[in-house]
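Contents: one structure, followed by commentary.
The values are calculated or read from the model by the stated rules, or taken from the named source; none is laboratory data. These numbers were taken from a predicted model, which means no experiment stands behind them. Virtual Cβ from ideal backbone geometry, glycine too; neighbours counted across all protein chains shown. Note: areas computed on protein heavy atoms with side chains; ligands, DNA, RNA excluded. Shrake-Rupley method; radii C 1.70, N 1.55, O 1.52, S 1.80 Å.
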2 protein chains.
Amino acid sequence: MSNHAHDHDCPGCSSPDLAFSRHDHAHCAQDVLARADAIAEENGVRLTPVRRRALEILLESHRAMGAYDVLQRLAADGFGNQPPVAYRALEFLVEQGLAHRIRRLNAFAACMHPGEDHAPVFLICRGCNAVAEAQAAPVRAALDAAAAAIGFSVERANVEALGLCPACKEAAA
Amino acid sequence: MSNHAHDHDCPGCSSPDLAFSRHDHAHCAQDVLARADAIAEENGVRLTPVRRRALEILLESHRAMGAYDVLQRLAADGFGNQPPVAYRALEFLVEQGLAHRIRRLNAFAACMHPGEDHAPVFLICRGCNAVAEAQAAPVRAALDAAAAAIGFSVERANVEALGLCPACKEAAA
DNA sequence: CCTTGACCTGTTATGATATAACATACATAT
DNA sequence: ATATGTATGTTATATCATAACAGGTCAAGG
């Protein structure tokens, strides 16, 4: 299933700088799914078949997917084929911190750092549409500071940047 | 039209900490529109009647508006009443830096600092739906740094935070 | 046991947001 | 005046998202 064994230290998955590189990520899926089970257990919620499958689908593609794309895959696996099926599963994953919603793309992506209380920043390549989830605590800190200065309390934040990944930058040059 | 005259230093408009406060902003609109004319001139683009009116509409409401809401207002003023009329005008405004798109709300808001090359951060109050446009250069700097570290070039960034404004926080308590 | 209540899944139907494609009009420069 | 690029308007359709209800599962308490 995976071409190398490890716990949580795969450079291809845990380092944002390799998120744009081609790499085997079957094991990422393994890791994340295992952790997802643990997180659901902890939170007292159920990672039911549809929900788990939705997460697997996101993990497999390793990119942002629209709700209808996920739905199509779910339906192919014998689950319902009406929009709420996908939206509900995805909403659950987002609530539990197992997936992120990327508004710029009207899409969803599996979280590669579930349960780690991270401050995700999405770097969206306009060349190849890949999405890297970088951990950027300093960004969140700066945001909290700016908000605090005017008495605003941040509960959730979306940081999405559009630009060019290293590969596409090189290709363009 | 405005109850006090000034150039670009109205606290109610230029200070993010007052963005949530009730304040007269007829003059903000005046200022921004004047600057919008100048910017269009500079950029060699035309701030045509629909476009200008769309900006006025956003400025009047002083909040984020959906494209269809803007469309309704435009139609009432004798412009076309089909979606592309609004989307095109809004797209123009966004491209010229005269308005911002707030994806979390599927909405648009006039930029209160046109032409100033700012790093806007949107603070969206989930209590009253007000949107404050804070200038947060440090946030952008942190984002650029995180992106640069992995060779990603940021071209455009959206930073949107959901939370509670001072007034709603107090009301909740 | 078996019922109740909470939650999950599925469906129908509709609502909300956004764009493609084409036709018409207008500006400006030669 | 006429050609060219740009702007506006329209029709039609694509895409994204949710409301509302029906049936199913499962565990806790009577």
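Here are some conditions: (1) open to solvent by less than 60 Å² (accessible area, probe 1.4 Å); (2) modelled with pLDDT of 90 or more; (3) aliphatic (A, V, I, L, M). Residue A:119 meets all but one. Which one does it not meet? Single failed check for residue A:119: (2). Taking region A:136-171, which residues are more than 12 Å from residue B:139 (Cα to Cα), open to solvent by 60 Å² or more (accessible area, probe 1.4 Å) and in contact with a strand residue (DSSP E or B) (Cβ under 7 Å, 6 or more places away or on another chain)? Selection gives A:155, A:156, A:169.
Looking across region A:60-94, the residues that are more than 14 Å from DNA strand D (Cβ to nearest atom) and at pLDDT below 95 come down to A:60, A:61, A:62.
Among the residues of region A:39-48, what is the count of those that are surrounded by 13 or more Cβ atoms within 10 Å (Cβ to Cβ) and under 19 Å from residue A:78 (Cβ atoms)?
Step one: filter region A:39-48 for residues surrounded by 13 or more Cβ atoms within 10 Å (Cβ to Cβ), giving A:39-40, A:43, A:45, A:47.
Those left that are additionally under 19 Å from residue A:78 (Cβ atoms): A:47.
Here the count works out to 1.
Checking each residue in region A:128-160 for being aliphatic (A, V, I, L, M) and more than 15 Å from the chain's Cα centre (by Cα) picks out A:137, A:139, A:141, A:142, A:143, A:145, A:146, A:147, A:148, A:149, A:150, A:154.
Of note, residue B:103 satisfies the criterion of being open to solvent by 40 Å² or more (accessible area, probe 1.4 Å) and under 23 Å from residue B:36 (Cβ atoms).
Annotation note: of A:167, A:99, the sole residue that is among the hydrophobic types (A, V, I, L, M, F, W, C) and modelled with pLDDT of 95 or more is A:99. Restricting attention to region B:61-100, the residues that are crowded, with 21+ Cβ neighbours inside 10 Å and within 14 Å of another protein chain (Cβ to nearest Cβ) total 2. A residue that is assigned to a loop (DSSP other than H, G, I, E, B), out of contact with any Phe, Trp or Tyr (no Cβ under 6 Å at 6 or more places or on another chain), more than 7 Å from every other protein chain (Cβ to nearest Cβ) and over 22 Å from residue B:62 (Cβ atoms) occurs nowhere in region B:132-154.
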